[in-house]
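Enquirer: Dumping the structure here so I can ask a few things about it.
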Amino acid sequence: MKNTVKVVISLSVVVLLVIILSIYKIISSPPATSKDATGSPEQVADKRITDAKIVADKKVADAKVAADKIIADTKAVQAKKAAELKAKELKEQKAQELKASEAKKVADAKAQSEQSKEVGYIDYKNEKFSYSITYPDNLTIGTATTNGSVLESNDGMVSLQLYGSNNEANETIDSIYNKAIKNNNMYYKVKSGNWFVISYTEGNEIVYQKKFVGKASTNTFIFKFPANEKAKYTSVVDKLEKSFKTSSTNSSH
């Protein structure tokens with residue numbers, strides 16, 4: 001647009017100079033002879049001025065047409081550049097969207113592949129507190145006591161804690177459950193009969209816990225895994241929850 005303004009100003013200056021030169025040429029030309037002169041000197045001068053004005057008006061009109069054409073051409077060029085720039089941006093945007101879509105497909109396929117891998121399970125039983133569970137075979141026992149065990153994956157990113165404890169404080173399922181659900185990051189909770197299940201986030205991990213509460217003892221499992229692998233471990237959580245059994249929470253051990 002700045003270039004267009006410069007062109008218009010330049011043309012205006014040229015037109016003004018042409019008008020001045022035309023008037024000067026006509027006025028300064030030698031007086032007409034007796035054959036050419038018609039009327040008094042004043043009439044001759046007026047005619048020259050009129051002729052000069054006609055010439056100047058024509059030059060102004062021609063200059064305006066030329067200026068309008070230059071402006072129109074400049075606008076057309078600018079519009080073309082803007083259209084090309086927009087087309088380039090849309091092309092780049094589509095390329096980025098396609099790249100993101102392909103990356104998502106690869107990630108989904110990888111997750112699906114890992115999820116579809118058959119997971120083996122191992123039975124576990126604690127003799128002291130009489131509870132049992134079936135856990136994934138990619139977890140190994142790291143710490144073991146008579147009350148329970150802590151199992152972990154090779155990379156330490158997944159863990160399963162199993163333990164039983166005597167209910168020395170004589171707490172009820174309601175009192176223990178109400179304490180447990182005070183976690184601010186809780187997103188799942190359910191209580192039924194003598195057990196409850198809660199799940200919450202802890203940093204970059206998801207924590208899933210199930211607890212049986214009896215008059216004399218409690219049995220618990222706590223499963224932790226990366227939050228970004230939730231889809232992978234959904235079926236594992238389901239298997240753990242359904243296989244966790246207890247038979248003697250009304251007795252101390």
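The values are calculated or read from the model by the stated rules, or taken from the named source; none is laboratory data. None of the values given here were measured: they were computed from a predicted structure. Glycine also receives a Cβ, built like all others from the backbone with ideal geometry; neighbour counts cover every protein chain displayed. These area figures cover heavy atoms from the full protein model, side chains too; ligands, DNA and RNA do not enter into them. Shrake-Rupley method; radii C 1.70, N 1.55, O 1.52, S 1.80 Å.
Enquirer: Find the strands (runs of 3 or more DSSP E) located wholly in segment 133-185 whose residues include 1 or more that are surrounded by fewer than 12 Cβ atoms within 10 Å (Cβ to Cβ) and more than 35 Å from the chain's Cα centre (by Cα), and list them.
Expert: Qualifying strands (runs of 3 or more DSSP E): 140-144.
Enquirer: Of all residues being in contact with a helix residue (DSSP H, G or I) (Cβ under 9 Å, 6 or more places away or on another chain) and over 30 Å from LYS232 (Cα atoms) in segment 66-114, which is least open to solvent (accessible area, probe 1.4 Å)? Just the residue, please.
Expert: Among those that are in contact with a helix residue (DSSP H, G or I) (Cβ under 9 Å, 6 or more places away or on another chain) and over 30 Å from LYS232 (Cα atoms), it is ALA67.
Enquirer: How many residues, within segment 212-247, are part of a helix (DSSP H, G or I), among the basic types (Lys, Arg) and under 31 Å from the mean Cα position of the chain (by Cα)?
Expert: Summing the residues that are part of a helix (DSSP H, G or I), among the basic types (Lys, Arg) and under 31 Å from the mean Cα position of the chain (by Cα) in segment 212-247 gives 2.
Enquirer: Further, regarding this structure: Hey, among the residues in segment 195-211 that are within 29 Å of the chain's Cα centre (by Cα) and open to solvent by 20 Å² or more (accessible area, probe 1.4 Å), which one's farthest from ILE176 (Cα to Cα)?
Expert: The qualifying residue farthest from ILE176 (Cα to Cα) is ASN204.
Enquirer: If you don't mind, there's one more thing I want to ask. Does any residue of segment 176-186 turn out to be touching a helix residue (DSSP H, G or I) at 6+ places or on another chain (Cβ under 9 Å) and either at pLDDT 95 or above or under 28 Å from GLU127 (Cα atoms) (or both)?
Expert: Among the residues of segment 176-186, not one is touching a helix residue (DSSP H, G or I) at 6+ places or on another chain (Cβ under 9 Å) and either at pLDDT 95 or above or under 28 Å from GLU127 (Cα atoms) (or both), which makes the answer no.
Enquirer: Determine which single condition LYS128 fails, assuming it passes every other condition in (1) in a loop (DSSP other than H, G, I, E, B); (2) open to solvent by less than 60 Å² (accessible area, probe 1.4 Å).
Expert: All conditions pass for LYS128, except number (2).
Enquirer: Pairs, please: C-beta under 7 Å, at least 6 apart or cross-chain, first residue without any contact (Cβ under 8 Å) to a residue 12 or more places away in the chain and within 17 Å of LEU240 (Cβ to Cβ) and in segment 129-156, second part of a strand (DSSP E or B) and open to solvent by less than 40 Å² (accessible area, probe 1.4 Å)?
Expert: ILE141/SER149; ILE141/LEU151
Enquirer: Among the residues of segment 119-128, which ones are more than 19 Å from LYS242 (Cα to Cα) and touching a residue at least 60 places away in the same chain (Cβ under 8 Å)?
Expert: LYS128 - this is the single residue of segment 119-128 that is more than 19 Å from LYS242 (Cα to Cα) and touching a residue at least 60 places away in the same chain (Cβ under 8 Å).
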